[in-house]
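Data first, discussion second: the structure below is written as structure tokens.
The values are calculated or read from the model by the stated rules, or taken from the named source; none is laboratory data. Quick caveat, the model's predicted, so the values are computed rather than measured. Cβ coordinates were reconstructed from backbone atoms using ideal geometry, including for glycine residues, and neighbour counts include every protein chain displayed.
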2 protein chains.
Amino acid sequence: MVTEPPCVSNGSASSRSDGGSSSGSESSKDSSRCSTPILDAERHERLREKMRRRHDSGDKWFSLEFFPPRTANGAVNLISRFDRMGMGGPLFIDVTWHPAGDPGSDKETSSMIIANTAVNYCGLETILHMTCCNQTKEEITGHLQKAKRLGLKNIMALRGDPIGEEWEEEVDGFNYAVDLVKHIRCEFDDYFDICVAGYPKGHPEAESYEADLRHLREKVSAGADFIITQLFFRSETFLTFMKDCQAIGITCPIVPGIFPIQGYHSLRQLVKLSKLEVPQEIKEVIEPIKDNDAAIRNYGVELAVSMCRELLDSGMVPGLHFYTLNREVATTEILKRLGIWKEDPRRPLPWAVSAHPKRRVEDVRPIFWASRPKSYIYRTQEWDDFPNGRWGNSSSPAFGELKDYYLFYLKSKSPREELLKMWGEELTSEESVFEVFTCYISGEPNREGHKVTCLPWNDDPLAAETNLLKEQLEKVNRRGILTINSQPNINGKPSTDPIVGWGPSGGYVFQKAYLEFFTSSENITALLKVLKMKKYELRVNYHIVNVRGENIANSPDLQPNAVTWGIFPGREIIQPTVVDPVSFMYWKDEAFALWIEQWAKLYEEESPSRMIIQYIHDNYYLVNLVDNDFPLENCLWQVMEDTFELLNCPTEQQLNYRGGEEP
Amino acid sequence: MVTEPPCVSNGSASSRSDGGSSSGSESSKDSSRCSTPILDAERHERLREKMRRRHDSGDKWFSLEFFPPRTANGAVNLISRFDRMGMGGPLFIDVTWHPAGDPGSDKETSSMIIANTAVNYCGLETILHMTCCNQTKEEITGHLQKAKRLGLKNIMALRGDPIGEEWEEEVDGFNYAVDLVKHIRCEFDDYFDICVAGYPKGHPEAESYEADLRHLREKVSAGADFIITQLFFRSETFLTFMKDCQAIGITCPIVPGIFPIQGYHSLRQLVKLSKLEVPQEIKEVIEPIKDNDAAIRNYGVELAVSMCRELLDSGMVPGLHFYTLNREVATTEILKRLGIWKEDPRRPLPWAVSAHPKRRVEDVRPIFWASRPKSYIYRTQEWDDFPNGRWGNSSSPAFGELKDYYLFYLKSKSPREELLKMWGEELTSEESVFEVFTCYISGEPNREGHKVTCLPWNDDPLAAETNLLKEQLEKVNRRGILTINSQPNINGKPSTDPIVGWGPSGGYVFQKAYLEFFTSSENITALLKVLKMKKYELRVNYHIVNVRGENIANSPDLQPNAVTWGIFPGREIIQPTVVDPVSFMYWKDEAFALWIEQWAKLYEEESPSRMIIQYIHDNYYLVNLVDNDFPLENCLWQVMEDTFELLNCPTEQQLNYRGGEEP
């Protein structure tokens, strides 16, 4: 009766799973006992591993190239573009290096700082370009050390353009990209993933196409992990190049660089720089329409789409690299038409992760910074360890100061004039502030007919999730409960839910209802009476604080309260969001300061408008409420109703109402 | 319009909660970031803090005194008694010290080892008695060091009886309990909580009642934390003593020692030892019934109940200490009649916690040892850190060997003859083994008319929770799916649920369905075919292994799977049970060995019965299954149904069946 089972692996304790991928177990080796369950394998992989995984699975990918902006305002806009284009799911972005623009400096427009922002604040896998000619070894090492310190993990190693017409090789200097590749491997071992440039038509300065291929092979042999090509105009050009590379033994990934033609002038400039020739058939189309930007862009999109289709259909191209020229429309359209723009990217966690390697295991954050993730990342950038599994005891979480409210990656996307239109050129009373909040929630235009698309605490329109609460939020804001953060309770929705879902598929997500708002001390008095009634006492945790730090709470023992969690197949539990009473005291400084820094300062000193905001800042309370009974109907709206009812009562009735209160 | 809110505390970041208790935050100071949420404050408190908390809250408590057993069998029985009487919720137990019985040794009957077992394996707060006369300072320090190492935290400091009739004080020696108290405080600072004895009628050897009170005050001044009194027969005796103590400035808790009269002889012996006089009215009742044990015990219970009521009603007594004489019935009855026996003690976690201080933060365990928690504690006793929050990466969890299956705290409560009656004097086939499992589940008597109340893997009858699955379990065991561990799926029941609830009230508990069983390789072949069908592939995690460690699993990346978790008000999430693929490989050694050690060895070598068990041990597989879709109906029974159906098919149909399988 005994038959051998069909497949058994003779296993030791350390290698005996026949399912899943091996990369996960590799990265878990160096983590401590209390490690993050590997929800999203990519978060734990280096770029070359991600590429390999995509190659193996056959998932096509894309990447995006940007150059550093010229002005601080340009930087603000570029960061917004990173956020928007990041939504489409690029495998990485890269930032070019302009030796003339002080690329390694701390200026907000430097290549280094833009790449740093992309990694740390936008959570994008990022390649920093770096050129080597006309630089000393020490300068280059300094740049690389700085890049490493900032959490950058990938370098595109380039020669760069020599200064002046004539150029002489320096003995022992960096004359070619291969020298930089060797230097990186020598000084930084395997820390960086290294990318090098390939020239499908051969480098313009190379002796021959064949000689250039040999140079490329040298760069790969010296330690480059993959190749991105210069632009080209015909898919055959790339495919031939790729076969030629393989023929001489280049086996690493070769990614075609796609240049969507977006305008007559940018094309001409590029051709001049790259010394490439535009094929006759393209010239013939473009010349007649050279003053019609829209027509050229449409043509450029068509051209790129058909070339990309040919590349993808060849079966030799797992990913496409786009020279965006820092523009959004054409590239996004091409990606959407190719079907590789992820319309609904699955969120690995409910908040925006940072791609800094030291934050790889981070999987818990306080809910307060939900709409200001960049501020949270900034204020915790000096931490050596990031909470994972539990928030734990955070009696001294050491949040960095947020003194500079004009840090470019935290700056409002809207200029002052627009903010004034949204938030009121002139405020006449606290009620006019209530109206601003109400309009933000409702989406209705304000009295002057302007839509309120942001608030100091929310630089973006209402989240889809918050929309679920719109009606109730509108009602309470009208009454001076000025909400800045909220989430509905969720009792086990699929992790793939388009609004509240996150994490891998097959799981279930949960939330406790949360509400955070500013309100007057009169309202607080009534609210507290309501909260201390028997029916809310055990169910609702509250924490109320004013700008001076005077506070009232019923959260026991200063312990954090998990308000978002997920249960996944074959995984430990993830609880990415907590309400932590200690962190709330740090957040309240920021939340109160935003009244002044973002709003009051729009008005003249001593002006009535400014004084109204100042009054609110000085006298209102910031409140957070959690309804612990997540399987039941959210009771926080009833708390609000009861509070309004109490406020409507004449004083005598209020006194009677105290009967419901605990002694 | 602005009024001041009714109550604000001017708070700094470190002290600003007005709710909850302060003791929690004190103990959380020394925990790391990834700390256990304080679910059960008592787990983090020392005995004197627990006493204070009960005193403040007005919750009456009780404690139980035991003496070490004479034989190893007596030790096994005493440990079972600890478990049973522990269910009633004693604040602590204490173990007496008998200088003649080598009390500090490693013998299983020593005071030290019995107290160690109570703390570590039964999870009871325990006081170890210790006497000091006729011992050297070094001996005493040695005992105390050993006690500390074993996790004992409380000492009852006694003088002990001098050897011989005459007794001389030793200069610099330990002549009185106060010397021991001083020594403990001097050598161990504040590590131990110290208890001392009080004599309501004065110590028989004291010059006077007043002189004895002064001695008691000295013991307290020297560092004792509380007092337990010698027995007495009238409540006035204690109340007078207590007032006299307070009058001379003794302010620590004084706990009355209650001696339920349980028999004529034990009373006489005690009176002789304690030199107490039995009041005339008691003698008059007892003498006429001295040969009727039951009558005396009933009288003793009545007497104790009425005296305890008087003590509790006085308002001066927060707790009662019982001299159990290692018996169960009388004390339990008194406690139940007084209403201080906790009929349904709330489980702080789904498994039995250990009271060793280093395990204070432990809150995650693999599910495999659910019915053998003492084995789990034994095998992890050398760990320095215990998982909390997450099981995490346990690629080398370093489980201690469990070679000695006869460790007295792991030994079956039933003697060999009883086990043979339950498990069969003679086995004729594998099917007769199936019958034993089936009878254990069903509760029906076996062929010989004996109930099967334990199995090698389960020393206790079916858990209430397992009863929920009884019908299905019975069905599959009949078919040779020999289940040893299981739990139903639970989708958010109140934490106070009498069957599956745990943790503080107001929370919700969840479970994934779990099933663990031994079965033949023929069944495994069919099971694997079923499991690899599309409909189970993502939903069910499986891990199958034989005694040689050959195994098949689909759990990805060797990650643990949380199968029990709870959500509580104002707390982070607790996930106390995981299915960990690495730990399973350690458990399987134990699980397979139990076939031989507990069952096969009941029979003669070479006997058919023994060979049947040996065959199962050598050829069967151990399987665990988790259904990840906890909100849906448990699919594991359908997996079993499908497997049986497949086994019923003729071979040709089996081949067709493979159509449903993945390639």
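Look at segment B:629-649: where a residue is on the phi < 0 side of the Ramachandran plot and a partner is β-branched (Val, Ile, Thr) and surrounded by 14 or more Cβ atoms within 10 Å (Cβ to Cβ), sitting 6+ places away or on another chain with Cβ atoms under 6 Å, you get B:639/B:530; B:640/B:476; B:642/B:530; B:643/B:530.
Out of A:503, A:492, which single residue is in contact with a strand residue (DSSP E or B) (Cβ under 6 Å, 6 or more places away or on another chain), small (Gly, Ala, Ser) and crowded, with 22+ Cβ neighbours inside 10 Å?
Numbers: A:492 fails: crowded, with 22+ Cβ neighbours inside 10 Å.
Step by step, each of A:503, A:492 is checked, and only A:503 is in contact with a strand residue (DSSP E or B) (Cβ under 6 Å, 6 or more places away or on another chain), small (Gly, Ala, Ser) and crowded, with 22+ Cβ neighbours inside 10 Å.
Tell me whether segment B:260-274 contains one or more residues that are in contact (Cβ under 8 Å) with a residue 60 or more places away in the chain and either surrounded by 19 or more Cβ atoms within 10 Å (Cβ to Cβ) or among the acidic types (Asp, Glu) (or both). Reasoning before the result, please.
Filtering segment B:260-274 down to residues in contact (Cβ under 8 Å) with a residue 60 or more places away in the chain leaves B:260, B:262, B:274.
Still in the list and also either surrounded by 19 or more Cβ atoms within 10 Å (Cβ to Cβ) or among the acidic types (Asp, Glu) (or both): B:260, B:262.
Yes: segment B:260-274 contains one or more residues that are in contact (Cβ under 8 Å) with a residue 60 or more places away in the chain and either surrounded by 19 or more Cβ atoms within 10 Å (Cβ to Cβ) or among the acidic types (Asp, Glu) (or both).
Among the residues of segment B:116-135, which ones are farther than 20 Å from residue B:362 by Cβ and buried (at least 20 other Cβ atoms within 10 Å of the Cβ)? Quick ask: steps written out before the conclusion?
The first filter runs over segment B:116-135 and keeps only residues farther than 20 Å from residue B:362 by Cβ, leaving B:127-135.
Selection gives B:127, B:128, B:129, B:130, B:131, B:132, B:133.
Checking the stated criteria, residue A:588 turns out not to satisfy the condition of being more than 20 Å from residue A:372 (Cα to Cα) and either at pLDDT 95 or above or more than 8 Å from chain B (Cβ to nearest Cβ) (or both).
Taking only segment B:405-431 into account, find how many residues are part of a loop (DSSP other than H, G, I, E, B) and more than 25 Å from the chain's Cα centre (by Cα).
First, the residues of segment B:405-431 that are part of a loop (DSSP other than H, G, I, E, B): B:405-415, B:424-429.
Subset that is more than 25 Å from the chain's Cα centre (by Cα): B:424-429.
Of the residues in that region, 6 qualify.
Name the residues in segment A:59-102 that are part of a helix (DSSP H, G or I) and of a type in the set (D, E, K, R), would you? Working first, answer last.
Of the residues in segment A:59-102, the ones part of a helix (DSSP H, G or I) are A:72-86, A:99-101.
Correct list: A:81, A:83, A:84.
Being within 7 Å of chain A (Cβ to nearest Cβ) and among the hydroxyl-bearing types (Ser, Thr, Tyr) is the filter here, so list the residues in segment B:512-529 that pass it. I'd like the intermediate steps shown before the answer.
Let us first name the residues in segment B:512-529 that are within 7 Å of chain A (Cβ to nearest Cβ), namely B:520-522, B:524-525, B:528.
Matches in segment B:512-529: B:520, B:521, B:525.
Tally the residues that are among the hydrophobic types (A, V, I, L, M, F, W, C) and more than 35 Å from the chain's Cα centre (by Cα), restricting the search to segment A:175-225. Counting residues in segment A:175-225 that are among the hydrophobic types (A, V, I, L, M, F, W, C) and more than 35 Å from the chain's Cα centre (by Cα) gives 3.
Selection within segment B:459-499: residues that are under 14 Å from residue B:515 (Cα atoms) and of a type in the set (Lys, Arg). The member of this set that is modelled with the highest pLDDT is B:475. Residues that are part of a strand (DSSP E or B) and within 9 Å of chain A (Cβ to nearest Cβ) within segment B:541-566 comprise B:541, B:543, B:544, B:545, B:546, B:550, B:551, B:552, B:553, B:561, B:562, B:565, listed in sequence order. The strands (runs of 3 or more DSSP E) found entirely in segment B:432-520 that carry 1 or more residues being in contact (Cβ under 8 Å) with a residue 24 or more places away in the chain and of a type in the set (Asp, Glu) are B:513-519. When B:187, B:210 are screened for being over 23 Å from residue B:125 (Cβ atoms) and either among the charged types (D, E, K, R) or touching a Phe, Trp or Tyr at 6+ places or on another chain (Cβ under 8 Å) (or both), only B:210 passes.
Residue B:465 fulfils the conditions (1) facing chain A (nearest Cβ under 8 Å); (2) out of contact with any helix residue (DSSP H, G or I) (no Cβ under 7 Å at 6 or more places or on another chain) except for a single criterion, (1).
For residue A:606, are the conditions met, namely being more than 13 Å from every other protein chain (Cβ to nearest Cβ), of a type outside the set (Gly, Ala, Ser) and part of a loop (DSSP other than H, G, I, E, B)? Full working, then the answer.
On the way: more than 13 Å from every other protein chain (Cβ to nearest Cβ): yes; of a type outside the set (Gly, Ala, Ser): yes; part of a loop (DSSP other than H, G, I, E, B): yes.
Here the answer is yes, as residue A:606 does meet what is asked.
Considered as a group, the residues in segment A:567-583 that are of a type outside the set (A, V, I, L, M) and over 17 Å from residue A:374 (Cα atoms) include one that is farthest from the other protein chains (Cβ to nearest Cβ), and that residue is A:580. The conditions of being out of contact with any Cys (no Cβ under 6 Å at 6 or more places or on another chain), more than 24 Å from residue A:60 (Cα to Cα), crowded, with 19+ Cβ neighbours inside 10 Å and at pLDDT 90 or above are met by residue A:375. Residues of segment B:471-519 that are of a type in the set (D, E, K, R) and within 14 Å of residue B:350 (Cβ to Cβ): B:493, B:497, B:512.
For segment B:626-649, a tally of residues being touching a Leu at 6+ places or on another chain (Cβ under 6 Å) and more than 12 Å from chain A (Cβ to nearest Cβ) returns 2.
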